[in-house]
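Notes follow the structure.
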Amino acid sequence: MFENLQDKLDRAFKVLKGQGSISEINVAETVKEIRKALLDADVNYKTAKTFTDEVREKALGQNVLTSVSPGQLLTKIMNDELASLMGGTVTELELKGNPTVILIAGLNGAGKTTFSGKLANYLKDKKNKKPLLVAGDVYRPAAVDQLQILGEQVGVPVYANLESKDPVAIAMEGIAEAKRNGNNVVIIDTAGRLAIDEALMNEISAVKVATQPQEILFVVDSMTGQDAVNTAKAFNDRLDYTGVVLTKLDGDTRGGAALSIKSVVNKPIKFIGTGEKMEALDVFYPDRMASRILG
Ligand code: GDP
């Protein structure tokens with residue numbers, strides 16, 4: 001599907017054989033290839049440009065060892081650079097507070113409800129927690145049903161109040177319920193919209209103020225390309241969230257959104273969704289994503 005970048009670079013560097021070190025001319029030729037590969041992977045133009053400029057600086061004058069192809073050398077430089085731009089290491093959830101409150105935000109269809117179920121499952125099985133899910137979407141009764149089904153599947157209780165149209169009240173009731181029942185994490189799923197609008201932002205900001213969450217996770221569909229970056233920025237401007245969840249990475253996207261979002265909002269990516277099943281959740285590893293973006 002995608003041509004291997006390292007092969008491309010090796011080809012571009014053929015002229016270099018025996019020359020000893022990477023020269024300005026050779027780098028200039030290949031920088032174009034690298035930038036194109038990044039754009040193909042959905043990295044936004046500005047990020048791709050900054051990145052390739054940095055790689056050029058690092059690559060210039062590097063000695064080309066006989067055992068390593070220039071393509072390999074550049075790929076390694078890029079891999080390390082990309083991984084470091086995406087945070088370098090794994091960023092864990094802050095599980096402070098009792099209960100820990102985790103607010104889930106994002107547009108409709110991004111994968112919030114699915115992720116809420118996955119996160120509850122992960123915290124219960126991998127972190128030995130006793131989570132409670134709260135159904136905070138007051139506009140779509142189907143979303144409440146969906147969360148209840150997922151809760152049942154993963155064996156985590158769900159707090160819902162179909163009588164109420166007040167997301168703040170529901171969230172607070174959920175926290176009170178958690179305290180009563182000894183749940184030490186509360187995951188609040190919230191309503192989304194098809195596009196960012198004032199009403200949605202006001203509503204979720206009010207839930208934030210009332211519940212004082214330790215974590216606000218912004219969920220975004222990795223297949224939405226540049227829109228993902230714009231949405232990430234708009235939500236961050238209003239919510240100042242603590243982490244990003246990239247969903248649908250099981251599709252054929254290369255994951256460039258991870259790099260673009262990190263460089264635009266500078267918030268850690270904490271999880272990736274890799275399927276519809278409740279187990280299809282991974283902690284975000286910057287180095288693995290770097291390899292995926294470079295192909
Ligand atoms: P919400 O509107 O943000 O709550 O989104 P949903 O959780 O309802 O997800 C929307 C659709 O995307 C559903 O059909 C989910 O099964 C699907 N979905 C969510 N996460 C993933 C993922 O990581 N991979 C794939 N392939 N599908 C996903």
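The values are calculated or read from the model by the stated rules, or taken from the named source; none is laboratory data. The structure presented is a predicted model; accordingly, all values stated were derived computationally and were not measured. Every residue, glycine among them, receives a Cβ derived from its backbone with ideal geometry; neighbour counts consider all protein chains shown. Ligands, DNA and RNA are excluded from the accessible area calculation, which covers all protein heavy atoms including side chains. Shrake-Rupley method; radii C 1.70, N 1.55, O 1.52, S 1.80 Å.
What the table below lists for this structure:
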quantity	calculated
Of all residues making up segment 161-171, the number that are crowded, with 16+ Cβ neighbours inside 10 Å and touching a helix residue (DSSP H, G or I) at 6+ places or on another chain (Cβ under 7 Å)	4
Complete set of residues in segment 102-129 that are crowded, with 17+ Cβ neighbours inside 10 Å and more than 12 Å from the ligand (Cβ to nearest atom)	ILE102, LEU103, ALA120, ASN121, TYR122, LEU123, LYS129
Tabulated pairs, segment 105-117, first modelled with pLDDT of 95 or more, second acidic (Asp, Glu) and open to solvent by less than 10 Å² (accessible area, probe 1.4 Å), C-beta under 6 angstrom, 6+ apart or interchain	LYS112/ASP189; THR113/ASP189; SER116/ASP189
Residue match in segment 179-192 (condition: open to solvent by 20 Å² or more (accessible area, probe 1.4 Å), out of contact with any Lys or Arg (no Cβ under 9 Å at 6 or more places or on another chain), of a type outside the set (Lys, Arg) and away from the ligand (no atom under 11 Å from the Cβ))	no
Selected residue (criterion: surrounded by the most Cβ atoms within 10 Å (Cβ to Cβ)) from residues of segment 268-280 that are in contact with a Ser or Thr (Cβ under 7 Å, 6 or more places away or on another chain) and not small (Gly, Ala, Ser)	LYS270
Contacts under 9 angstrom Cβ, first residue in segment 191-206 being free of Cβ contacts under 8 Å to residues at least 12 places away in the same chain and assigned to a helix (DSSP H, G or I), partner away from the ligand (no atom under 15 Å from the Cβ) and of a type in the set (Ser, Thr, Tyr), 6 or more apart	none
Among (1) within 16 Å of the ligand (Cβ to nearest atom); (2) more than 29 Å from ALA257 (Cα to Cα); (3) touching a residue at least 24 places away in the same chain (Cβ under 8 Å), the one test that ASP145 misses	(3)
The lone exception for GLY155 - which of (1) surrounded by fewer than 16 Cβ atoms within 10 Å (Cβ to Cβ); (2) at negative phi it fails	(2)
Test: residue in segment 128-143 that is polar (S, T, N, Q) and closer than 20 Å to THR211 by Cα	no
Selection status of ASP282, in contact with a strand residue (DSSP E or B) (Cβ under 8 Å, 6 or more places away or on another chain), over 19 Å from GLY87 (Cβ atoms) and within 13 Å of the ligand (Cβ to nearest atom)	no
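Yes or no, residue by residue, for (1) open to solvent by 30 Å² or more (accessible area, probe 1.4 Å); (2) more than 25 Å from VAL154 (Cβ to Cβ); (3) within 15 Å of the ligand (Cβ to nearest atom):
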residue	(1), (2), (3)
THR224	yes, yes, yes
THR247	no, no, yes
VAL264	yes, yes, no
ARG292	yes, yes, yes
